[in-house]
Amino acid sequence: MNSEKIITPPSGYLAFVISLVLLVLAIVCFSMEIIVPGVILLLFDMLFVMPGLIIVNPTQSKVLTLFGKYLGTVKQDGFFWVNPFAIKKKVSLKAYNVNGQQLKVNDKAGNPIEIAAVIVWQVMDTAKALFDVENYIQYVNIQSESAVRHLANSFPYDNYEDEEARITLRDGADEVSHMLENELNQRLERAGIVVIEARISHLAYAPEIASAMLQRQQASAIIAARRLIVEGAVGIVEMALAKLSEKDVVELDEERKAAMVSNLLVVLCGERNVTPVVNTGTLYH
């Protein structure tokens with residue numbers, strides 16, 4: 001694997017001045033009909049001085065190679081002069097944003113789901129990016145898709161089927177994103193690329209089971225709500241009986257307590273508003 005070598009070439013302003021001087025001298029020679037020196041000055045300027053001038057913009061770099069040998073990388077922005085015969089390849093150091101396409105995969109429980117991720121990455125080692133992989137942008141896209149698929153296969157969508165699952169794709173967003181970021185950094189290290197951030201942008205059941213899963217979630221929500229209502233109703237009934245007994249408002253035998261509990265539970269647990277009925281008789285007749 002190649003390793004990046006940062007170089008700082010000499011300023012290009014002096015070389016630019018020399019290039020202008022040579023150009024002026026060549027024009028003067030041609031005007032005085034001194035052809036051979038003029039041609040030599042012009043060729044020297046065009047072959048050895050001007051081709052070596054490079055401009056490096058902010059958040060960009062130039063990778064230099066000479067006859068197949070890696071010379072170094074210029075990361076400092078500015079105007080420079082380098083070996084005129086060197087091949088200069090531009091590599092952007094800006095952060096790239098990859099909005100991955102929606103993938104249809106199976107989670108750990110075998111349920112088909114749709115998942116997509118947003119990944120922010122940046123080139124850190126230009127030598128690895130250019131020389132160790134064929135196309136580093138395509139490499140990032142392929143490895144990102146592979147990492148997202150592996151992540152989806154490693155965890156269940158939720159804990160309905162796996163109640164012991166500590167991390168799920170739906171509830172463990174921070175931990176899942178952290179794991180995805182670490183896995184991507186390991187995969188992309190070969191290309192000299194670091195992942196700044198990785199987040200799940202889309203997560204849903206596949207269309208063929210989405211309706212069934214929605215019904216299951218609704219049923220679970222109804223059961224949980226009913227359990228909460230019943231617990232609250234029992235507490236209220238218990239408190240009511242305790243207060244009546246404490247203040248000696250009325251003395252209830254077991255049958256009257258049972259009737260009162262039944263009526264209160266119907267009122268408190270019913271889905272609709274109840275219509276009160278005044279009993280003008282007794283519980284026994």
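The values are calculated or read from the model by the stated rules, or taken from the named source; none is laboratory data. Remember, it's a predicted structure, so these values are computed and weren't measured experimentally. Cβ sites come from the backbone with ideal geometry, for glycine too, and all protein chains shown count toward neighbours.
Name every residue in segment 57-71 that is under 27 Å from residue 22 (Cβ atoms) and surrounded by 20 or more Cβ atoms within 10 Å (Cβ to Cβ), in order of residue number.
Passing the criteria: 62, 64.
Any idea which of 105, 123, 140, 148 is within 30 Å of residue 9 (Cα to Cα) and touching a residue at least 24 places away in the same chain (Cβ under 8 Å)?
123
Please work out which one of (1) loosely packed, with under 15 Cβ neighbours inside 10 Å; (2) assigned to a loop (DSSP other than H, G, I, E, B); (3) of a type in the set (A, V, I, L, M) is the condition residue 142 fails and give its number.
If we test residue 142 against (1) loosely packed, with under 15 Cβ neighbours inside 10 Å; (2) assigned to a loop (DSSP other than H, G, I, E, B); (3) of a type in the set (A, V, I, L, M), just (2) comes out false.
Have a look at 216, 199, 190 and point out the one that is assigned to a helix (DSSP H, G or I), modelled with pLDDT of 70 or more, basic (Lys, Arg) and within 30 Å of residue 117 (Cβ to Cβ).
Numbers: 216 fails: modelled with pLDDT of 70 or more; 199 fails: assigned to a helix (DSSP H, G or I).
Every option except 190 fails the conditions.
Looking at segment 39-52, is at least one residue in contact with a strand residue (DSSP E or B) (Cβ under 6 Å, 6 or more places away or on another chain) and under 22 Å from residue 130 (Cβ atoms)? Can you show your working first?
Of segment 39-52, the ones in contact with a strand residue (DSSP E or B) (Cβ under 6 Å, 6 or more places away or on another chain) are 52.
Those left that are additionally under 22 Å from residue 130 (Cβ atoms): 52.
For segment 39-52, residues in contact with a strand residue (DSSP E or B) (Cβ under 6 Å, 6 or more places away or on another chain) and under 22 Å from residue 130 (Cβ atoms): present.
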